[in-house]
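Encoded as structure tokens, the structure appears first; notes follow it.
The values are calculated or read from the model by the stated rules, or taken from the named source; none is laboratory data. Since the model is a prediction, treat every value here as computed from it, not as a measurement. Please note: Cβ atoms are built from the backbone with ideal geometry, for glycine as well, and neighbour counts cover all protein chains shown. In case anyone asks, the SASA skips ligands and DNA or RNA and just uses the protein heavy atoms, side chains included. Shrake-Rupley method; radii C 1.70, N 1.55, O 1.52, S 1.80 Å.
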Amino acid sequence: MIAVLDYGMGNIHSLLKAISLFTDHFVFTKDPDVIRKADKMILPGDGHFHKAMDNLNELGFTQLIPEFIQAGKSVLGICIGYQVLFEDSDETSRPNTLIPGLGLVKGKIRKFEGASQAKVPHMGWNKLFGIKRKKSILLRGVPDECFMYFIHSYRPVAFNPEQITAECHYFSESFPAVVESQNIFGTQFHPEKSEKLGLQILKNFIESSG
């Protein structure tokens, strides 16, 4: 069974519909006992990093998620669910403050620089580059330079390249678009909104072992 975490971040109806194309064995839940019994976890969401971490803390998920991973079970983070996998973010209304993330993946979440030259948020269709297909589970059957749907103003910096299996280019820079580290997976884009190839990524996660 797959547990899709309900922690109050964004509209997840399109994700649940996409998951249902490949399995009936999933539940949208905030119940820790149900989550612990699941084989896989999906951490979805749109929105603000600080709010996401506040919600995860209040629900006890900041302890539960690492325990789930330590038990050898796989987790997929999407959009803000991807960003909270990293070490910290400056996406907060508090000046000169960093909000700790889950710290499961090396890197820090920072806003795109040069906003006067590039539109922020980065929103719409953009290409994946540098797919490390031999290392990737998520990107099996997904070609280089395919389009995925993005909407975000922040991206990882100071990351570990060994944990990155695809990048995207925006405002004359490359940023990590997909992370895969043992049983930890994440996409900055929304696979459930990225048509056939995005659905392939979800299918790969759902059907993967572990």
I want to verify a result. In a Gaussian network model of the chain, Cα cutoff 10 Å, which of these has the top mean-square fluctuation: 87, 195, 58? 58
What would the Debye equation give as log₁₀ I(q)/I(0) for the range 21-102 at q = 0.13, 0.17 Å⁻¹, counting only Cα atoms as equal point scatterers? -0.42, -0.69
Accessible-area order (highest first, 1.4 angstrom probe) of the listed residues 7, 170: 170, 7
Can you give me the C-alpha center-to-center distance between the range 134-169 and the range 1-48, rounded to a whole angstrom? 22
What number do you get for the range 96-190 when its Cα radius of gyration is normalised by 2.2 N^0.38 Å, N = residues? 1.07
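Using only Cα atoms, figure out Rg for the range 1-47 and give it as a multiple of 2.2 N^0.38 Å.
Relative to the rule-of-thumb radius for its length, the range 1-47 sits at 1.07.
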Probe 1.4 Å, accessible area per residue of the range 86-150, Å²: 57
Can you tell me what the convex hull of the Cα atoms of the chain projects to on average, as an area in nm²? 10.7
Hey, if you put +1 on the Cβ of every Lys and Arg and -1 on every Asp and Glu Cβ in the range 40-144, which of 44, 125, 84 ends up farthest toward the positive end of that dipole? 125
By per-residue mean of other Cβ atoms within 10 Å, what is the highest-first order of 128-135, 162-169? 162-169, 128-135
